[in-house]
Amino acid sequence: MQALKSSSARQAAPRRAAARPAAAPAPLRAPRPSPARRAPAPARAAPEALDPTLLLAGGAALLGLIGFGAAAGLGAAPAPPAGASEAAAAEAALPRDNAVLVFGSKGRTGRLVVQQLLRAGRTVVAAVRSAEKASGVFAEIGLNPGAEAAGPGTGSLILLGDVDVTDAASLRADLFRGCTQVVIALGAVAGRLPDGSMGYTDGGSPKEVEGKGVSNILAAMAANMEPGKRELKEVLPMRSEEDLAIWERTFRMAVAPSQDGRGAVFAGDLQEDGGACAARTRPLGLDLSGYDGLCLRVKSDGQTFQIDLRQEGGAEAYEALIETPDTGDWATVRLPFHDFVAVKGGDVDPDADVLTGAGISELSLALSQFTFNRLPNPRYHPGRFELEVDGGLSVYRDPRPQLVVLSSAGVERVARPGGAGGARSNDAELVRSNPGAVLNWKYEAECAIRASRFPYAVVRCTALDEESAESAAQPCLLEADQGDLISGRVARAEAAAVIVAALGAPDAAGKTFELRRSEAVDAAGRGMGQREFLRLFLKLVPDTARWRAGLPPFPAVTLPPAAPAPAPAPAAEAVAAAAPALAVAAAAAAVAAPAAPKNGAAKKKPEPPSAAEAPASAEAPAAANAEAKAEPEAEAADKAEAEAAAEKAEAEERELVSTSA
């Protein structure tokens, strides 16, 4: 399969250095990610060529001199292609930092992805065939190449032309410079063919775009980007008395270094009526906003402890639970910041903001008889206890999806064994018709993406609402499911919002899911915010653990159905053999036909019918009336058949357009 050739392409392609990780963590007094390695600069142009970056740097005088030389024909080489010139100018004017490379940005959904990324303050590199046409498309929604002051940040749009995903050579290294993530929103190119029918044009069939194109993108990513990995940073070491001096001994809990010097021991004696034992730190002033949560390695006797964080100026504490194995073994515990629950006065505060890790002023460890809302802690027992911590407290950052792909619901149904024929009679029209085998090629592309080494998210949209602007203006909760079992509708703007949210969500990585507008009676009028997107992604299981949701593994890739073979033309020998018989039959018919009267000959007066012919003659008017009555009915039937054919053609056109960019 073409889309599965990316691994061999990776082995043959030269390795490029990675750009900085997405959304690099803020200084944490100050832990800082390792500096990015830059990819090699693209090859220089020929000495005679006019370098656009030199034009920009040289000013008006240099522009005038070069213009005069070109007009005089003083040996100047031809100007570089428009796409290359615009790319060089864009690179000189707009630095790339944590950029998103978007393929299919000119499409009806892709352009909305670009728009929402810019509003979020991201730099967008739009790879297109024609920069001129793309500029017109973006201008229609108020976007122009350059800096866009919109939303909470200031995004920048860099437009790079002369990119054709079906041509691997056009996926040049400079496309990926400064890019940390990639969005694929490709679609087949449909339009009117020379004979007036609808079909795929400009080599833009699903096989070329979805199959070959995605395979080419994966190979280019492997050559120019490094897969993201989890980052770990220790922020509170606990190995010595000096390290532990920051802890205050309060509420009947002592903190001391472990005997082997590898960590710390929190020990105390919790009485039945004592409520809790805890130890807390002095003011910290930590900024952990660039990370996803806390990580520590602990050992105890199966009791559930709690860890609290407080933010500077905040009235509430954020609490999370630490469960220890009852076997007495060591366990690594990761606590995402979204697992911390805001608590005020002992009760959960549902209106508090989600913890981000910014401005952490205090941390405490405790063992309590109670959990949230003063409910009993089922995993606690009174008496002496110990909690050992290995090394210290660390923060971690999980990789975000480096590749987010717009796909379609129905692709798995087509590939599923036994999914043909009557089994699909209740499916959507796109699944039943599968124009150009688009679902087969999309599924093959999905499988290639899941087999790559990059963190990914595959968003399978149900029917994309053509009235996306109107639909998106009416807020509605969205639903996600897995296994290709649901149908429904979703606005293009809503699909774009999910793609943008997935780029910043580590909990979306490694997951394939279907998306639709919620059909719950109370879903209308409720929009998607930070908490809603978080819940949407958290409910999904990783593709490697579909069994947790009662789903079978992904089906194997199936070949697209073969096109019906045309009827064979009659052999020349058979036509030649039938010619004599046809000639004899034609001669016999000519002899049997009555001769026509000559000009001027008197016409014979018709004789009255005989007695035997009279009944037949009497029935002639009735037959004529019946024939006259049948003619309008036949015309009506022909008209209905023509209308049905026209409706079918329009439906096919809609299906083709719905699968195109």
| remark: Reported set for region 106-137 where residues are of a type in the set (D, E, K, R) and under 23 Å from Ala491 (Cβ atoms) is Lys106, Arg108, Arg111, Arg119, Arg122
| For Leu288, are the conditions met, namely being touching a residue at least 40 places away in the same chain (Cβ under 8 Å) and not in a strand (DSSP E or B)? | yes
| Filtered residue count, region 295-340, keeping only those that are among the hydroxyl-bearing types (Ser, Thr, Tyr) and outside any strand (DSSP E or B) | 3
| query | Any residue in region 210-223 that is of a type in the set (Val, Ile, Thr) and closer than 27 Å to Ala495 by Cβ? | reply | yes
| message | For region 225-237, check the following and say yes or no: at least one residue is buried (at least 18 other Cβ atoms within 10 Å of the Cβ), touching a residue at least 12 places away in the same chain (Cβ under 8 Å) and either under 21 Å from Arg374 (Cα atoms) or basic (Lys, Arg) (or both). | response | no
| query | Given Val348, Val405, Val395, Val343, which one is modelled with pLDDT of 90 or more, under 15 Å from Gly293 (Cα atoms) and of a type in the set (A, V, I, L, M, F, W, C)? | reply | Val395
| request: Would you confirm whether any residue within region 416-436 is at pLDDT below 95 and in a strand (DSSP E or B)? | output: no
| message | Given the condition within 45 Å of the chain's Cα centre (by Cα) and at pLDDT 95 or above, answer yes or no: does some residue in region 253-262 qualify? | response | no
| message | Test of understanding: among Asp243, Asp260, which residue is part of a helix (DSSP H, G or I) and not aromatic (Phe, Trp, Tyr)? | response | Asp243
| task | Please work out if Gly275 is at positive phi and at pLDDT below 90. | result | yes
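Pick out the one residue from Ala463, Ala457 that is buried (at least 19 other Cβ atoms within 10 Å of the Cβ), of a type in the set (A, V, I, L, M) and touching a strand residue (DSSP E or B) at 6+ places or on another chain (Cβ under 8 Å).
Working: Ala463 fails: buried (at least 19 other Cβ atoms within 10 Å of the Cβ).
From the options Ala463, Ala457, the qualifying one is Ala457.
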| message | List the residue pairs whose Cβ atoms are under 7 Å apart, where the first residue sits in region 123-148 and is surrounded by fewer than 22 Cβ atoms within 10 Å (Cβ to Cβ), the second is acidic (Asp, Glu), and the two are 6 or more positions apart or on different chains. | response | Arg129/Asp164
| request: Can you run down the residue pairs with Cβ atoms below 8 Å, 6 or more apart or on separate chains, where the first is in region 373-384 and under 18 Å from Asp349 (Cα atoms) and the partner is assigned to a loop (DSSP other than H, G, I, E, B)? | output: Asn373/Gly346; Arg374/Gly346
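With among the basic types (Lys, Arg), in a loop (DSSP other than H, G, I, E, B), out of contact with any His (no Cβ under 8 Å at 6 or more places or on another chain) and more than 18 Å from Arg108 (Cα to Cα) as the only criterion, which of Lys212, Lys207, Lys233, Lys229 stands out?
The match here is Lys229.
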| message | Could you check region 91-117 and list, in sequence order, the residues that are farther than 26 Å from Val189 by Cα and either part of a loop (DSSP other than H, G, I, E, B) or free of Cβ contacts under 8 Å to residues at least 60 places away in the same chain (or both)? | response | Ala92, Ala93, Leu94, Pro95, Arg96, Asp97, Asn98
| query | Is it the case that some residue within region 360-383 is part of a loop (DSSP other than H, G, I, E, B) and either at pLDDT 95 or above or under 29 Å from Glu242 (Cα atoms) (or both)? | reply | no
| When region 353-408 is examined, which residues are found to be among the aromatic types (Phe, Trp, Tyr), crowded, with 17+ Cβ neighbours inside 10 Å and under 42 Å from the mean Cα position of the chain (by Cα)? | Tyr396
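Let's see how each residue does on (1) at pLDDT below 95; (2) surrounded by 15 or more Cβ atoms within 10 Å (Cβ to Cβ); (3) under 24 Å from the mean Cα position of the chain (by Cα):
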residue: Leu175; (1), (2), (3): no, yes, yes
residue: Gln181; (1), (2), (3): no, yes, yes
residue: Ala185; (1), (2), (3): no, yes, yes
residue: Asp195; (1), (2), (3): yes, no, no
residue: Ile217; (1), (2), (3): no, yes, yes
residue: Trp247; (1), (2), (3): yes, yes, no
| query | In region 509-531, what count of residues is obtained for those that are more than 20 Å from Leu406 (Cα to Cα) and of a type in the set (D, E, K, R)? | reply | 4
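The values are calculated or read from the model by the stated rules, or taken from the named source; none is laboratory data. Just so it is clear, the model here is predicted, and its values are computed rather than measured. Don't worry about glycine lacking a Cβ; one is built from the backbone with ideal geometry, like all the others, and counts go over all protein chains shown.
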